[in-house]
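Participant: What follows is a structure written as structure tokens; I'll ask about it next.
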Amino acid sequence: MIRFIHLSDVHLGAVPDRGCPWSHEREEEIWETFRRVIAGIRKNPVDLLFIAGDLFHRQPLLGQLRQVNEWFAAIPETRIFLMAGDHDYIKEDSFYRTFRWAPNVTFFDTEEQRCVEIPEKNIFVYGLSFEHKEVRTPLYDEWKPVNKPGFHVLLAHGGDLSCCPMDFTGLAAAGFDYVALGHSHKPHTVCRDKIAYSGSLEPLDRNDLGKHGYIQGEYEDGNVKVRLVPCANRSYQNLVLNVDRDTTQYKLEEMLRSEVMRRGGRNIYRLILKGRVSPDNVLLTERLHGLGNIVEIMDESRPAYNIEELYRQYRGTLIGDYINKFLNKDLTVVEKKALYYGLQALLSTQVLADDRKRL
């Protein structure tokens, strides 16, 4: 049996949510999570480690390469196969070109197809590295494994129109036992136990929802079995709070505190407010940022106006004409906001005018 780990898109050097109070911690966590994976391999060795591009967020510094290589050298029983992706592609003056890796590391150092054989284990690993930031031509569609018995693995990066398009149907039929993909930060399977994106080790922005980690696999008698092993320090989550006419600022803040405590204070949240609030109750959403790691607030709530009743009451006036522009239409969130904010402003003006008449 051959045991392997497949990871990608570590993005060492990235600073997620730059400018937020927790951004420096996130930068350090990316390095620490990668170190933990290597330490786990040292404790429980695997035969192969595949890194399918974007180990670094940008061109690696010499000191960064030395640090990573020191960790690789600490797991000599594991053969490591590494490629450069679109973020850490090999520039003309890149340190990648001259760096000397530990004996257990194979770095695919050109944009040309290459096959590395481990004859004593009948293992064949195919790969290349990006030498350009943008690769819009398919580099893998014509690849076929050599006609020899053994474990045949393709290391590949990309898969969309903007980054090395791939014919996944063709890849599935090409004859590789496993295709280790990188580029997409969301772990997902293209072809069960055969073609998979490991996703990023740590979530890197507010859209990287769900579990993150690496793929652990086994090959035996021509069959591959893989599973995702979560290992991220924290996650990005959408947090929906439903408000109503009785929701005050204090009640909203208590709802948020309680939900953050229940889900975990280290996680990072996109807060989404839904429901209908009292028109005379102003909720100060900016105050919610200090009650947790709130990266974004989307206020989709709206005042609890009866639009049809207001239209009948103000028909023939400026307010009625304004409401009529929105009636019987399938409104977007932005259009709904425009309706209710505009209506609130017009009604406030009307109230002031009525007060002046009474005086």
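Participant: Taking a label point 7 Å from the Cα of K133 along the Cα→Cβ vector, which residues of the stretch 8-43 have an amide N closer than 18 Å to it?
Facilitator: What the label zone holds, given the 18 Å backbone N cut-off, is 11-15.
Participant: Order by neighbour count: E25, E120, fewest other Cβ atoms within 10 Å first, most last.
Facilitator: The most exposed by this proxy come first: E120, E25.
Participant: At 4 °C and 1.567 mPa s, grab the translational diffusion coefficient of the stretch 1-140 from Stokes-Einstein with a Kirkwood Rh over Cα pairs, rounded to a whole number in µm² per second.
Facilitator: Translational diffusion coefficient: 82 µm²/s.
Participant: I've got another one for you. If you average over every viewing direction, what projected area does the convex hull of the Cα atoms of the chain give, in nm²?
Facilitator: If I average the Cα hull's projected area over directions, I get 24.1 nm².
Participant: Okay, next question. Evaluate the charge dipole of the chain about its Cα centre and quote only its size in Debye, nearest 20, assuming +1 on the Cβ of each Lys and Arg and -1 on the Cβ of each Asp and Glu.
Facilitator: 1040
Participant: OK, next. Using alpha carbons only, what's the Rg to Rh ratio of the stretch 234-304 with Rh from Kirkwood?
Facilitator: That ratio equals 0.96.
Participant: By a straight-distance test (C-alpha under 26 Å), which lysines pair with K211 as possible cross-link partners, with residues fewer than eight away in the same chain excluded?
Facilitator: K43, K186, K194, K225, K274
Participant: How about the stretch 1-92: which trypsin sites (Lys or Arg not before Pro) there lie in a loop by DSSP and see at most 12 other Cβ atoms within 10 Å?
Facilitator: Counting only loop positions with at most 12 other Cβ atoms within 10 Å, the trypsin sites (Lys or Arg not before Pro) in the stretch 1-92 are R18.
Participant: If you don't mind, another one. Quick one: Karplus J couplings for the stretch 225-236, per residue in order, coefficients 6.51, -1.76, 1.60, θ = phi - 60°, nearest Hz, x for Gly and Pro?
Facilitator: Each residue of the stretch 225-236 in turn: 10, 10, 8, 7, 10, x, 8, 5, 5, 7, 9, 8 Hz.
Participant: In µm²/s, what is D for the stretch 36-79 at 37 °C and 0.692 mPa s, where D = kT/(6 pi eta Rh) by Stokes-Einstein and Rh is the Kirkwood radius from Cα pairs?
Facilitator: Estimated via Stokes-Einstein, D reaches 289 µm²/s.
Participant: With θ set to phi - 60° and the Karplus curve 6.51 cos²θ - 1.76 cosθ + 1.60, what are the ³J(HN,Hα) couplings of the stretch 187-203 in order, to the nearest whole Hz, using x for Gly and Pro?
Facilitator: Each residue's phi maps through the Karplus curve to give x, 7, 9, 8, 9, 3, 6, 9, 9, 8, 8, 7, x, 7, 4, 10, x Hz.
The numbers here are math on the coordinates, done by the rules we state, and not lab data. Just so we're clear, the structure is a prediction, and the values are computed from it rather than from any experiment. Heads up, the Cβs are rebuilt from the backbone with ideal geometry, glycines too, and the neighbour counts pull from every protein chain shown.
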